[in-house]
Amino acid sequence: MKYCLGVDIGSISAKAVLMEVDSKKISSWTVLPTGFDTKKTANTLVENLIEKTGIKIDDIVYTVSTGYSRKNVEFSTQQVTELSCQAKGINHLFPNARTVIDIGGQDSKAIRIDENGSLLDFEMNDKCSAGTGRFLEVMARSLEIPLEMMASHSSDDFVSISSTCTVFAESEVVSRIAQGANRDSIVGGIHQSIATKVKALVDRIGVKPDVVITGGVAKNQAVVDALEEKLEYKPIVPDEPQITGALGAAIIAAGKIGNI
Amino acid sequence: MIEKIDRDPTERAYNKLKSNSYKKYTISYYRNSKILPKIPLLNKKVAWVTSGAPVEILVAAGIMPLYPENYAAIVGGSKQSVDACIIAENDGYSNELCSYARCHLGTVINPSGSLMGGLSKPDIIVSCNNICGTVLKWFQSISEYYDIPHFHFDTPPIVDTKLGKTQENHVFHYVRDQLDDYIEFIKTHTGKRVTEKKIMKVLRLANKATLLWGEILDSCKATPTPLNCPDRFITMAPIVAQRGMKKTITVYEELLEEVHQRVDSKTGAIKNEKIRLLWDNIAIWFYLYPFFNKLAQRGVVFPVDTYTHAWNMTGSVDNYEDAMNDYAKMYSHVYLNQDLSYRVELISKFIKEYELDGFVLHSNKACKRYSMGMLSYKKAITEKTGVPGVIIDGDMVDSRNFSEEQTWTRIESLIEMIEARKS
Ligand code: SF4
C-alpha cells in the first residue's frame, strides 16, 4: 500500500499525519514538542509513525512539509506554507468552512477559504506574541496553572488585562495578584484578551461562516467560548485541532502522487 | 505550491546590469561632497535636504545637496544602520521614530564611527513635508544641533474633494509664494545668488533626466520585464539625489539603452519569469538582494513599484513663471502627499498596465505615512482588480523590526495563491 505524509513543524509542537493514498484515510498521526533540533524532531515523528503502523519507510511515496521549520524537514518532497495546508485540511474535514482561525504557538492567522479549500485571503498577527499560544503559556506559568487546566479555571467574572504586550501583561497579572484579585478571574481576563486580539485579526479579512478554529489554543474551551461571543458565530473545533495543518499537507501530498 | 528547487541555489537567477555609471557617479558625488567644501577658494556650500524637497533651486545656486535619507539607505545597505540607530536611541530618540531619522541622527552624533565619516556638515538645511511630518522635527533637531539655518517648505496635503483632486487655489499660492522665500533664504544664508536663467537651465536638465527615468520605468511593462525591483532601487539614486545635474542625464541614457536592448532581445531581469508582482513602500535595504534573489529563483519578478515611480515628475519648462507654478504643483502632488484613494487608483492602474499577478505591501514600521491605511487599500485594490495582495511587516533600515521567517510565510502563501489561480 502507498502512503503519503504531512509534516507540520510549528514553533512549539511538531505534528505528522500519515495518509493512505488511495482511500485518503488517516492511518496514524503523532505530535511531539518541537525542541530546538527540528531536523531530529522531524525524523522522530516518522519513526513514531512507522513504529505505530508497522509500515516500511519506502511505502511513503510523497511528503509535504509545512510550518515554520518546513525547510528543515530533509526528507520532504515539497514545502507548502501552513496557510495553504490549513485551508486544505479544514476543507477536507468541513467542506462548508469559509473562515479558519488558527491560533498557534507564535502566531495566529485568519484565513479565508473557498469551497475547494483554496486560499482566498489571509492575515497574520505581527511580530507581537499577544493572541498566540505563547501568550497563554507565559500567563499559565505566572499563575502556576498547568496549561491544559487553564480553561477549567476560567471565570466569566473576569478582570480585564489591558496590556497587549506579553511582558507587560505578565506584570499586570502579577500586580493583579498582589491586589488580591481572584485567580480564576484573572484567567478569565487572559482568555478574553486573547479572544479580543484574535477577533481584531479576523475582522481584517471579515468573518464568514462556517468558522473553524484550529491550533493548540483551540483546545482551550474558554478561549473558544470567548471568541464565539465576540464573533457572533459558533466556531467548529476539530477533534484534533493541532494536526489539521499536517493533515492538509498529507492531502496535498496525496494529490501530487497521481502526477508523479 | 513551491516545489523543491532543482536548480543550484548558488546559481544566479537574475541577469546582472552592465550599466554601472550610476554607481560611479554616486560614489564620486559623495567623495566630492567630502572634499570640495573644504577648499576655501571654491566657497562650496552644502545643504541637507529631505527626499521630497525642491532641490533644483539649490543646484541652480551651485550648492551641493546631500540627502540624509539616501545616506541612511546606504548605511542600511552596508548593515551599519542598527548601530547608528542605537546611538540615536541612547541619546533619547524614541525607537518609534523613523529609522532613517534615527540612523542619520546616530551618524550626526558619532560621525567618526560612521560610514564615510558621516555626511559632510551642512551650511543650511531644507525640509519639505510633502513626504511626512517627521522630517520637520528631524531637521529641526539637526538645525539646533549644528546651530544652522533651516528652511521648511510646507506643502499641505492633496485631498480628494468633491471637485476632484486639484489643489485649492489658496493652497497653490501659499506653496508658490514659499518658492520666492526659499530663493531669498538661500541668498541670505549662503550668499549665493540664483538667477531665473540658472533655475530654468537646471529645471530643463531635471526634466530631461526625469523623462529618461520615466521611459526606463515604462519599459518595464515588457514581458519579460527588463528591470526588477533591486535594479530600480539602486539606479534611482541620481534621479533623487542628483536632480538637475548634467551627468544624471548621461547615467540614464546609458541605462535606457541597456533596457532597450533587453526588451528587444527579450532578456529579462530574471532568468525565468513566471509571476509578476508590484512592490509598495521603501525597500528593506539590509535584506534587498537576499529577498528579491530568493524570489527570482522561483520565477517571481517585480516590474513595478510605487517607490521609484515617486520621482517620475515633470513640469513645464517653457518660461520662468509657468515653470515655477508647475514646480509648486509638482512638489505638492508627490505620492505620499496624496490621499489613499490615489494609491488605490495608481496601484490598480499599474496592475493593469504591467500585467501583474499580485502585489506586496511592505508595512514599514519606520515610515508611518507610507504604511498607513494599508489594510484598507489592500482590500480596495483586490476588489478593483481581482488580484491578490499581501502585507509584510518590516523596516527599511532597522533589522530589529524584521522577521525573515514570518515574511517568507506570507510571501510564499501569496505565491501559492497565485499559482493555484494560474493552474
Ligand atoms: S517617515 Fe517615511 S517619509 Fe518620513 S522621512 Fe522617514 S522614511 Fe521618509
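The figures follow:
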{"item": "Candidates B:S363, B:S341, filtered to the one that is in contact (Cβ under 8 Å) with a residue 24 or more places away in the chain, within 14 Å of chain A (Cβ to nearest Cβ) and open to solvent by 10 Å² or more (accessible area, probe 1.4 Å)", "result": "B:S363"}
{"item": "Meets criteria (more than 14 Å from chain B (Cβ to nearest Cβ), more than 19 Å from the chain's Cα centre (by Cα) and outside any helix (DSSP H, G or I)) for A:I50", "result": "no"}
{"item": "Residue within region B:278-287 that is among the hydroxyl-bearing types (S, T, Y) and surrounded by fewer than 19 Cβ atoms within 10 Å (Cβ to Cβ) present", "result": "no"}
{"item": "Single match in A:D203, A:D225 (criterion: among the acidic types (D, E) and away from chain B (no Cβ under 14 Å))", "result": "A:D225"}
{"item": "Some residue of region B:339-354 being more than 16 Å from the ligand (Cβ to nearest atom), within 19 Å of B:K221 (Cα to Cα) and part of a loop (DSSP other than H, G, I, E, B)", "result": "yes"}
{"item": "Per-region count, region B:244-274, residues open to solvent by 10 Å² or more (accessible area, probe 1.4 Å) and under 30 Å from B:V46 (Cα atoms)", "result": "7"}
{"item": "Conditions (1) more than 24 Å from B:F153 (Cα to Cα); (2) in contact (Cβ under 8 Å) with a residue 24 or more places away in the chain: number failed by B:E96", "result": "(2)"}
{"item": "Residue within region B:321-332 that is closer than 30 Å to A:Y68 by Cβ and more than 14 Å from every other protein chain (Cβ to nearest Cβ) present", "result": "no"}
{"item": "All positions within region B:370-408 that are within 16 Å of the ligand (Cβ to nearest atom), over 21 Å from B:P230 (Cα atoms) and either crowded, with 19+ Cβ neighbours inside 10 Å or β-branched (V, I, T) (or both)", "result": "B:M374"}
{"item": "Output for region A:100-124, where each listed residue is closer than 15 Å to A:G10 by Cβ and among the small types (G, A, S)", "result": "A:G104, A:G105, A:S108"}
{"item": "Tally of residues being facing chain A (nearest Cβ under 10 Å), within 23 Å of the chain's Cα centre (by Cα) and part of a helix (DSSP H, G or I) across region B:377-399", "result": "1"}
{"item": "Considering residues of region A:65-77 that are at pLDDT below 95 and at the interface with another protein chain (Cβ under 10 Å from one of its Cβ atoms) only, the residue surrounded by the most Cβ atoms within 10 Å (Cβ to Cβ)", "result": "A:G67"}
{"item": "In region A:232-253, residue farthest from A:K2 (Cα to Cα) [restricted to those that are outside any loop (DSSP other than H, G, I, E, B) and open to solvent by 10 Å² or more (accessible area, probe 1.4 Å)]", "result": "A:I236"}
{"item": "Helices (runs of 4 or more DSSP H) wholly inside region B:52-126 that include at least 2 residues being away from the ligand (no atom under 16 Å from the Cβ)", "result": "B:56-60, B:81-90"}
{"item": "Hits in region B:253-292 - residues which are β-branched (V, I, T) and either away from the ligand (no atom under 16 Å from the Cβ) or out of contact with any helix residue (DSSP H, G or I) (no Cβ under 9 Å at 6 or more places or on another chain) (or both)", "result": "B:V259, B:V263, B:T267, B:I270, B:I275"}
{"item": "Selected residue (only one of A:I60, A:I55, A:I26 is crowded, with 21+ Cβ neighbours inside 10 Å and among the β-branched types (V, I, T))", "result": "A:I60"}
{"item": "Residues satisfying the stated conditions in region B:141-154, i.e. away from the ligand (no atom under 13 Å from the Cβ) and not in a strand (DSSP E or B)", "result": "B:S143, B:E144, B:Y145, B:Y146, B:D147, B:I148, B:P149, B:D154"}
{"item": "Pair list, Cβ < 8 Å and 6+ apart or interchain, from region B:203-232 residues that are under 18 Å from B:T250 (Cα atoms) to residues that are of a type in the set (D, E) and open to solvent by 10 Å² or more (accessible area, probe 1.4 Å)", "result": "B:L212/B:E253"}
{"item": "Flag if B:E404 is over 30 Å from B:D154 (Cβ atoms), charged (D, E, K, R) and within 12 Å of chain A (Cβ to nearest Cβ)", "result": "yes"}
{"item": "Exclusive hit being in contact (Cβ under 8 Å) with a residue 60 or more places away in the chain, over 30 Å from B:T267 (Cβ atoms) and surrounded by fewer than 16 Cβ atoms within 10 Å (Cβ to Cβ), set B:K34, B:K18, B:K45", "result": "B:K34"}
{"item": "Answer from B:Y307, B:Y331 - the residue that is surrounded by fewer than 21 Cβ atoms within 10 Å (Cβ to Cβ), within 26 Å of B:D160 (Cβ to Cβ) and touching a residue at least 24 places away in the same chain (Cβ under 8 Å)", "result": "B:Y307"}
{"item": "Qualifying residue in region B:115-122 (condition: crowded, with 20+ Cβ neighbours inside 10 Å, free of Cβ contacts under 8 Å to residues at least 40 places away in the same chain, closer than 25 Å to B:G92 by Cβ and not polar (S, T, N, Q))", "result": "yes"}
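The values are calculated or read from the model by the stated rules, or taken from the named source; none is laboratory data. All figures in this text were calculated on a predicted structure; none of them were measured in a lab. Ideal geometry is used to build each Cβ from the backbone, glycine not excepted, and the neighbour counts take in all protein chains shown. Keep in mind that these areas ignore ligands, DNA and RNA; they rest on the heavy atoms of the full protein, side chains included. Shrake-Rupley method; radii C 1.70, N 1.55, O 1.52, S 1.80 Å.
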